[in-house]
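Accompanying notes for the structure given below.
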Amino acid sequence: MNSIKSNLNEQKKYSFIYATINLVNNKGYVGSHMTNNIEDGYLGSGVILKRVIKKHGRENFKREILEFCLPCKYYTYSKEEYWIKYLGTMNPVGYNFTEKAGGGNLGDIVNNKISLITIGDKNPFYGKRHSKVSREKMIKSRTGRRNTKNTLEKMSKSARNREKVTCPYCNLIGNINMMKFYHFENCVENPKNNKEEILKQRKRKQLICPHCGKVGGEGSMQQWHFDNCKYKNYERYK
């Protein structure tokens with residue numbers, strides 16, 4: 001009960017279930033929205049919906065409020081799922097990707113399929129590098145950012161709970177998210193791969209921070225060290 005009360009207090013002034021209608025073909029999308037401005041023009045954040053809005057233009061879509069409800073995600077999600085089923089807006093008849101409110105989870109099977117078609121040379125960015133201008137823009141946008149203590153704790157907890165896997169070629173053990181990029185079919189020990197070519201592609205420019213002596217890749221070093229180094233003003237590191 002306390003969690004529900006605190007959730008109510010944190011939410012916006014208006015909470016409602018809406019349907020976004022495509023005026024070209026009358027297909028619809030159901031979602032829930034919380035806002036302080038009921039005329040904010042929000043149409044939805046569904047993956048399929050965003051694509052068709054880009055295709056047909058925002059002027060060909062209208063949003064209709066189906067019902068107002070308590071500003072609590074537990075309540076609005078149940079109402080959203082009810083309206084998705086009631087109006088039958090699941091793809092391909094409509095634009096809802098799943099019957100589960102809040103966008104749902106694609107599931108391990110779908111996620112694995114996506115991973116398989118974007119790994120290694122199947123990835124459109126495979127073998128390419130960001131231009132110097134792009135790298136400078138990314139570094140500039142991240143410079144000075146600091147995660148909150150709460151965010152760091154969540155990241156740490158998430159890392160501890162990640163699934164561990166073993167590469168069949170080099171027997172290295174690590175979390176599945178990193179291993180799938182640098183091991184398995186992309187492992188340098190895989191006899192099907194050109195070891196020298198892979199190592200050449202992975203080689204990064206190394207920088208040394210003059211304040212703490214840390215060595216690392218150019219991107220992360222520019223973000224967290226040099227002028228942003230936490231030891232910049234420490235006399236013992238000079």
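Bear in mind these aren't lab numbers, they're just calculated from the coordinates by the rules spelled out. Computed from a predicted model, the values in this text were never measured in an experiment. Here Cβ is always computed from backbone atoms with ideal geometry, including for glycine, and neighbour counts include all displayed protein chains.
Laid out as a table, the results:
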read-out	value
Which listed pairs, of 50/100; 55/128; 27/73; 73/100; 12/79, have C-alpha distances above 20 Å, in listed order	55/128; 27/73
Residue order, fewest to most surrounding Cβ atoms within 10 angstrom, among 220, 131, 15	131, 220, 15
Mean-position separation - Cα centroids, segment 47-74 and segment 114-183, in angstrom	32
Cross-link reach list, lysines versus residue 232, counting only Cα pairs under 20 Å and skipping chain neighbours closer than eight places	140, 214
Burial order of peptide ranges 146-152, 226-232 (average beta-carbon count within 10 Å, highest first)	226-232, 146-152
Relative exposure of 42, 74, 95, judged by other C-beta atoms within 10 Å (fewest first)	74, 42, 95
Candidate aspartates and glutamates for bridging to residue 62, where Cα separation is under 14 Å - those fewer than 8 sequence places away on the same chain excluded	39, 40
Within segment 2-103, percent of DSSP bridges classed antiparallel, to nearest 5	95
Estimated vicinal HN-Hα couplings, Hz - segment 60-68 in sequence order (Karplus 6.51, -1.76, 1.60; Gly, Pro = x)	9, 10, 9, 10, 10, 7, 7, 6, 8
